[in-house]
Amino acid sequence: MPELPEVETVRRGLAEHVVGRRVERVEVGRLRVVRRTSAEALVDGLSGCVVLAADRRGKYLRLPLDSGEELMVHLRMSGQLLVAPRGAVRPPHTHVAMILDDGSELWFVDPRTFGEVVVFDPADVEAVVPELARLGIDPIADRFERDDLRAILRRSPRRALKPLLLDQHVIAGIGNIYADEILHRARLRPDRPASSLDRRRVGELHRAIVAVLGEAIAAGGSTLGDAQYVDLMGDGGSYQDEHRVYGRGGERCSTCGRGWIQRVVTGGRGTHFCGVCQR
DNA sequence: AAACAAACCTGTGCGC
DNA sequence: TGCGCACAGGTTTGTT
């Protein structure tokens with residue numbers, strides 16, 4: 001569920017409400033969300049520590065601690081981070097509660113339990129969270145130029161654009177909603193091979209990536225009908241109102257006014273595009 | 001190399 | 001109203 005814009009919105013909330021706070025106590029409910037290590041490792045690694053910063057790489061949140069270790073949170077499909085006053089009634093599926101020194105609590109809530117919370121020593125990143133070390137370029141957090149994208153496309157010439165955008169080892173942070181929205185903005189079909197883009201179209205795709213993600217961040221991300229994504233304070237985003245294709249299968253294309261939005265399934269993911277203005 | 005399916009889970013919405 | 005099925009923002013693993 002949460003993609004780069006949603007995770008970035010959560011990160012900003014953490015920077016405002018959690019950075020600088022000391023974790024006084026940690027409670028772990030379901031062990032599945034701490035499966036990477038253990039409940040003891042999380043409790044021992046967090047208790048008494050001050051959160052120094054809130055960083056993000058792709059969809060991964062990384063919070064350095066004053067112990068030299070780092071807290072990593074991935075929300076996967078249905079995870080939420082929420083802050084609330086100490087003692088407030090916790091929602092169902094609250095699997096981790098961190099009691100902070102300012103009278104608040106930080107909760108990790110996740111019905112599907114795909115998400116996870118782990119504290120690790122950055123020196124052991126390869127052993128504990130190897131995927132973190134293999135993330136591709138972050139189009140917002142890193143300097144991401146048109147030539148970076150050109151190099152990426154040249155590296156996998158036969159690959160279709162959408163799977164390439166979704167590959168976290170290549171570009172980190174784009175998920176199913178924003179891949180579809182970006183390709184629509186760039187007027188490119190999702191199944192188009194990477195090698196088929198000339199210099200001008202590479203530039204258009206680069207601009208679409210930066211613009212769509214930037215606008216989505218400005219809107220606080222996308223909150224769909226089930227309201228599963230909310231920010232740290234429990235508020236939804238508004239970028240879903242600006243979706244041109246995602247979730248709009250069967251509607252007329254609002255960009256060209258001529259085509260209808262098609263929904264097909266590729267790689268098990270719903271893919272939405274306009275067959276008229278996306279080529 | 002790359003496309004695909006299945007797996008991990010729970011909740012929701014839809015057709016009948 | 002109730003039941004069963006399809007489907008969901010992600011990622012890994014194993015198979016063609």
**Asked** How fast does chain A diffuse by Stokes-Einstein, in µm²/s, taking the Kirkwood radius from C-alpha pairs at 10 °C and 1.306 mPa s?
**Response** 81 µm²/s
**Message:** Cα atoms only: what Rg and Dmax, in Å, come out for region A:191-269?
**Reply:** 15.3, 44
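Just need the Rg to Rh number for region A:1-123, please, alpha carbons only, Kirkwood Rh. Each step should come with its number before you reach the end.
Working: Rg = 12.8 Å, Rh = 14.1 Å.
The Rg/Rh ratio comes out at 0.91.
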**Complete:** So, for the Cα atoms of region A:229-279, Rg and Dmax in Å stand at 13.6, 41
**Fill in**
The extension gain from residue A:35 to residue A:89, computed as 0.36 nm times the residue separation minus the Cα-Cα distance, is 16.9 nm
**Asked** So, by mean Cβ neighbours within 10 angstrom, what's the order for A:253-259, A:191-197 with the highest one leading?
**Response** A:191-197, A:253-259
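Calculate for chain A the 222 nm mean residue ellipticity that helices alone would give, adding -39,500 (n - 2.57) per DSSP H run of length 4 or more and normalising by residue count, nearest 500 deg cm²/dmol.
Per the formula, -8000 deg cm²/dmol.
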**Request:** Over the Cα atoms of region A:1-62, compute the convex hull volume and normalise it per residue, giving Å³.
**Result:** 99 Å³
**Prompt:** Per residue and in Å³, how big is the convex hull formed by the alpha-carbon atoms of region A:115-209?
**Reply:** 110 Å³
**Message:** With an 8 Å Cα cut-off and a minimum separation of 6 or more residues, compute the relative contact order for chain A in percent.
**Reply:** 18 percent
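Would you list the membrane-span-like helices of chain A, meaning whole DSSP H runs whose alpha-carbon atoms span at least 20 Å along their axis and whose mean Kyte-Doolittle value is at least -1.0?
Sorted by number, the helices that extend far enough and score high enough are A:199-218.
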**Fill in**
If R0 = 41 Å, then residue A:143 and residue A:258, at their Cβ-Cβ distance, give a FRET efficiency to the nearest 0.05 of 0.60
**Prompt:** Tell me, how many Å apart are the Cα centres for region A:15-51 and for region A:71-97?
**Reply:** 11 Å
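All of the numbers you see were taken from the coordinates with simple rules; none came from a lab. Owing to the predicted nature of the structure, the values given are computational and were not obtained by experimental measurement. Cβ atoms come from the backbone with ideal geometry, glycine included; neighbour counts cover every protein chain shown.
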